[in-house]
Every structure is written in C-alpha cells, then in structure tokens.
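S.K.: Sending over a structure as structure tokens; questions will come in a sec.
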Amino acid sequence: MIDLQRYTEKPFHWTARARQAAALLAEDFLTDNQIAKKVKTCRRTVATWKLHPEFAAEVAALAQKMGDRCARLAIARKHRRVAALDDRVRRLKRVIAGRAGNAAHRAAPGGDTGLLARKLKMIGSGENATVVEEFEVDGTLLRELREHEKQAAQELGQWVERKDLNVSEADIDALVEQELAGAADAGGQATLSGPPEGGEAVAPAP
C-alpha cells in the first residue's frame with residue numbers, strides 16, 4: 001500500500017501521461033477509468049495522482065483556465081450576435097426612412113410613416129385591364145423588427161416572459177374566506193381590512 005503522507009509530502013513526479021490525465025480531468029468529460037485507458041495506465045494510478053496536492057492544484061488551475069476561455073468565447077459570440085442584430089435593425093429602419101421620404105409613399109394616407117408597402121394590382125383583363133396602386137401596412141417588416149428586438153433583449157438578459165394568471169371569482173372568494181377564517185382564529189373575530197364605500201367595516205358576529 002502507498003504511504004499517503006510520504007507520497008503527498010514529496011514533489012509530484014510529472015510525466016507526459018500525468019499531464020494528459022490532468023488536462024482530461026480538468027475537462028471533466030470522461031470518467032477516471034476512461035482517462036486511465038486514454039493515457040495508458042490503470043485507474044488506481046489516476047486515483048493516486050488525484051490525491052497529490054500538486055496534481056490536484058494543476059487540475060483546478062487548468063479547469064479555471066478552460067472556464068475563463070469558454071466564458072470569453074461565449075461573451076464574444078454573444079457580442080457578435082447582438083452586433084449583427086443591431087446592424088439588421090438599422091438596415092430595416094433605413095427602408096422605413098426611405099419610404100417615408102418617397103413622394104409616392106407620402107401621397108398615401110400614413111405614407112409619411114414609412115410603414116406602408118406599395119403594391120401594384122391589376123384589375124380586369126385584356127384591353128380593360130387597369131393597374132391600381134395600393135398601399136398597406138408592411139406587416140412582414142414590422143414582424144422582423146419585433147423579432148430582432150426580442151432576440152436582442154433575450155441575448156442581453158432583458159427579456160421576461162409574461163405569464164397569464166387566470167384567477168376565477170370562486171378562487172378570489174375562497175382566498176377571502178381563508179383570510180377571514182385566519183383572522184378569526186388569531187384574534188377571536190374577523191375584521192375587514194377596510195370600510196366599504198359609504199359605510200364602516202363591521203366585524204361579523206362570533
């Protein structure tokens with residue numbers, strides 16, 4: 001058996017296998033047995049290495065470095081995604097601004113908002129065919145803007161999903177009854193929290 005005290009007091013003997021094992025342990029993807037097979041040693045040897053303070057400290061340091069690197073990469077990816085979203089939103093808003101300044105759009109009601117899309121519609125056929133100009137709110141553009149803004153807010157942790165609370169009148173009545181019953185148990189009588197309109201709050205008879 002290994003003398004644990006003497007083993008831990010001596011400097012750790014670093015080998016290529018030990019360094020590879022430390023890196024794999026820091027990654028924390030494989031079991032000790034899998035790591036032992038990968039570095040061509042036995043599981044007991046890996047377990048023994050883990051008991052040495054110097055080896056354990058190296059594993060912890062490597063894990064910290066990997067965590068910091070992953071965090072930086074995640075932040076960088078998030079930054080690029082948000083920057084791309086911002087760029088597309090700016091371009092979409094340029095479309096709106098361009099429409100708002102266009103004479104044909106401005107002639108239509110609400111055209112100066114830049115939110116209308118111009119469409120040409122043919123009425124009739126043959127010699128009687130007539131091309132009619134129509135304007136309508138550009139729902140596709142507005143949906144894209146809304147989705148971009150939502151995604152940006154989610155990336156930045158500023159988005160909170162709203163949850164509808166469906167509470168029936170029966171539920172409210174039950175809660176009121178519970179409050180009154182609790183007040184009666186605590187003080188011998190139940191009182192309303194405030195007077196009704198045009199009168200005073202009256203405690204129910206015991």
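The values are calculated or read from the model by the stated rules, or taken from the named source; none is laboratory data. As the structure is a prediction and not an experimental result, all values here were calculated from the model. For neighbour counting, all protein chains shown are included, and Cβ atoms are generated from backbone atoms with ideal geometry for every residue, glycine included.
S.K.: Cβ-Cβ distance below 7 Å, separation of 6 or more or different chains: which pairs start in the stretch 92-119 with a residue that is farther than 12 Å from residue 141 by Cα and in contact (Cβ under 8 Å) with a residue 12 or more places away in the chain and end on one that is among the charged types (D, E, K, R) and surrounded by 13 or more Cβ atoms within 10 Å (Cβ to Cβ)?
M.R.: 100/112; 104/118; 105/99; 105/118; 112/106
S.K.: Would you please list the contacts, defined by Cβ atoms under 6 Å and residues six or more apart or on different chains, that run from a residue in the stretch 5-26 that is under 21 Å from residue 68 (Cβ atoms) to a residue that is surrounded by fewer than 17 Cβ atoms within 10 Å (Cβ to Cβ) and among the small types (Gly, Ala, Ser)?
M.R.: Final answer for the pair search is 26/63.
S.K.: Let me ask another. What's the number of the condition residue 139 fails, among (1) under 33 Å from the mean Cα position of the chain (by Cα); (2) closer than 25 Å to residue 95 by Cα; (3) surrounded by 11 or more Cβ atoms within 10 Å (Cβ to Cβ)?
M.R.: Among (1) under 33 Å from the mean Cα position of the chain (by Cα); (2) closer than 25 Å to residue 95 by Cα; (3) surrounded by 11 or more Cβ atoms within 10 Å (Cβ to Cβ), residue 139 violates only (3).
S.K.: Continuing with this model, one more query. Only one residue in 179, 127, 134, 161 is farther than 30 Å from residue 74 by Cα, free of Cβ contacts under 8 Å to residues at least 60 places away in the same chain, acidic (Asp, Glu) and surrounded by fewer than 11 Cβ atoms within 10 Å (Cβ to Cβ), so which one is that? Lay out the reasoning, then the answer.
M.R.: Details: 179 fails: surrounded by fewer than 11 Cβ atoms within 10 Å (Cβ to Cβ); 134 fails: surrounded by fewer than 11 Cβ atoms within 10 Å (Cβ to Cβ); 161 fails: farther than 30 Å from residue 74 by Cα.
Criteria check complete, one pass: 127.
S.K.: Further question: For the structure I just gave you, tell me whether residue 56 is touching a Lys or Arg at 6+ places or on another chain (Cβ under 8 Å), of a type in the set (Gly, Ala, Ser) and closer than 30 Å to residue 33 by Cα. Break it down stepwise before answering.
M.R.: Working: touching a Lys or Arg at 6+ places or on another chain (Cβ under 8 Å): yes; of a type in the set (Gly, Ala, Ser): yes; closer than 30 Å to residue 33 by Cα: yes.
Criteria met by residue 56.
S.K.: Here are some residues: 28, 87. Which one is surrounded by fewer than 13 Cβ atoms within 10 Å (Cβ to Cβ), under 31 Å from the mean Cα position of the chain (by Cα) and in the same structural domain as residue 151 (by TED's automatic domain parsing)? Walk me through it before giving the result.
M.R.: On the way: 28 fails: in the same structural domain as residue 151 (by TED's automatic domain parsing).
Every option except 87 fails the conditions.
S.K.: Among the residues of the stretch 42-75, how many are in a loop (DSSP other than H, G, I, E, B) and touching a residue at least 24 places away in the same chain (Cβ under 8 Å)? Step through it out loud before you land on a result.
M.R.: Going residue by residue through the stretch 42-75, those that are in a loop (DSSP other than H, G, I, E, B) are 42, 52.
Of the ones still in play, those that are also touching a residue at least 24 places away in the same chain (Cβ under 8 Å) are 52.
Looking only at that region, the number is 1.
S.K.: Considering the stretch 39-55 alone, what residues qualify as being surrounded by 14 or more Cβ atoms within 10 Å (Cβ to Cβ) and either farther than 25 Å from residue 5 by Cα or small (Gly, Ala, Ser) (or both)?
M.R.: Hit for the stretch 39-55 is 39, nothing else.
S.K.: Sort through 9, 58 and tell me the only one that's outside the structural domain of residue 148 (by TED's automatic domain parsing), loosely packed, with under 12 Cβ neighbours inside 10 Å and over 30 Å from residue 145 (Cα atoms). Break it down stepwise before answering.
M.R.: Values: 58 fails: loosely packed, with under 12 Cβ neighbours inside 10 Å.
Every option except 9 fails the conditions.
S.K.: Can I ask one more? Which one of 99, 80 is in contact with a His (Cβ under 8 Å, 6 or more places away or on another chain) and either farther than 17 Å from residue 29 by Cα or assigned by TED's automatic domain parsing to the domain that holds residue 13 (or both)? Walk me through it before giving the result.
M.R.: On the way: 80 fails: in contact with a His (Cβ under 8 Å, 6 or more places away or on another chain).
Result of the check over 99, 80: 99.
S.K.: Still on this structure: Test residue 90 against the stated conditions and say whether it is at pLDDT 85 or above and closer than 25 Å to residue 157 by Cα.
M.R.: Criteria met by residue 90.
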